[in-house]
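The values are calculated or read from the model by the stated rules, or taken from the named source; none is laboratory data. Since the model is a prediction, treat every value here as computed from it, not as a measurement. Because the Cβ atoms are built from the backbone with ideal geometry, glycine has one as well, and the counts that use them run over all protein chains shown.
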């Protein structure tokens, strides 16, 4: 029996490039050396993507998460919610696609929570399509009672976000000692479990030169509390220098306080090939940092590097071997 982790992959919205980049990643020949990959979703959708992006591959239906082929040229698909492949309409937001996407994410989550698979990878979704279908709750969310955090990674630059899609005027109120400490603890625990460096964390300041009320009232106390608990964390560090320090290897991860504070350095430092993780779930859950790219869907032009790295990272992190991609 293989000791490699089983990684479940949800292709994303069927009307976008997700299915194409998944099959391209499969066609790279790099997946089976690090994991046992399994697609959760629709066989017909995957077959459509194969015809567009990787015609040398074959597709088969798996009857369970353990029913996997050993043939690198055969894609295993575990059928989830019923979805007619011919219902796909490339380049558009449809409620039918949003409903299928939500059901596939829920199925993936269920498989991970019951340990039928070891890690999850989520393809690019359409928030609008899922909103039309009422399935946005399937995506890891941000709440005080059950927080999930977005983590972006490109090379040595690893950034966890305290808040994501929150208006800037509301971020200050979200920066509390409790909230920042909770994220530091979650990030530290995850870095250690994943085998990422020495687990050294830096917290970005909110104000220029990390000098303001948020630093004094929330960030400094949160860092001090975490340090008293044995966590290797510094901060608040001036946000105009902290990301370069992470790239240079002084830290293994940075805590950013809002969307653009973390996304701008990631997309400037190295957008192509980066990967996304969700902190909070009890299992490794990765994704991609791009959207459905409706303008090129069906052309075979989509760049699969992010999807490939998301899969490689999931397999490596769940094995405690750090990040698996370059």
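Scanning the stretch 250-281 for residues that are assigned to a loop (DSSP other than H, G, I, E, B), at pLDDT 95 or above and closer than 21 Å to residue 193 by Cβ gives 251, 252. Screening residue 136 with (1) closer than 30 Å to residue 19 by Cα; (2) modelled with pLDDT of 95 or more gives one miss only, at (2). Quick check: is even one residue across the stretch 15-29 assigned by TED's automatic domain parsing to the domain that holds residue 75, surrounded by fewer than 23 Cβ atoms within 10 Å (Cβ to Cβ), modelled with pLDDT of 95 or more and closer than 19 Å to residue 107 by Cβ? No, the conditions are met nowhere in the stretch 15-29.
A quick yes/no check of all residues on (1) without any contact (Cβ under 8 Å) to a residue 40 or more places away in the chain; (2) over 26 Å from the mean Cα position of the chain (by Cα); (3) crowded, with 20+ Cβ neighbours inside 10 Å; (4) closer than 22 Å to residue 173 by Cβ:
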position: 207; (1), (2), (3), (4): yes, yes, no, yes
position: 210; (1), (2), (3), (4): yes, yes, yes, yes
position: 220; (1), (2), (3), (4): yes, yes, no, yes
position: 224; (1), (2), (3), (4): yes, yes, no, yes
position: 230; (1), (2), (3), (4): yes, yes, no, no
position: 233; (1), (2), (3), (4): no, no, yes, no
position: 240; (1), (2), (3), (4): yes, no, no, no
position: 243; (1), (2), (3), (4): no, no, yes, no
position: 265; (1), (2), (3), (4): no, no, yes, no
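Going through (1) surrounded by fewer than 16 Cβ atoms within 10 Å (Cβ to Cβ); (2) under 30 Å from residue 219 (Cβ atoms); (3) modelled with pLDDT of 90 or more one by one, residue 295 falls short only on (2).
Return a yes/no flag: does the stretch 50-58 have any residue that is surrounded by 23 or more Cβ atoms within 10 Å (Cβ to Cβ) and in contact with a helix residue (DSSP H, G or I) (Cβ under 7 Å, 6 or more places away or on another chain). Yes, some residue in the stretch 50-58 is surrounded by 23 or more Cβ atoms within 10 Å (Cβ to Cβ) and in contact with a helix residue (DSSP H, G or I) (Cβ under 7 Å, 6 or more places away or on another chain).
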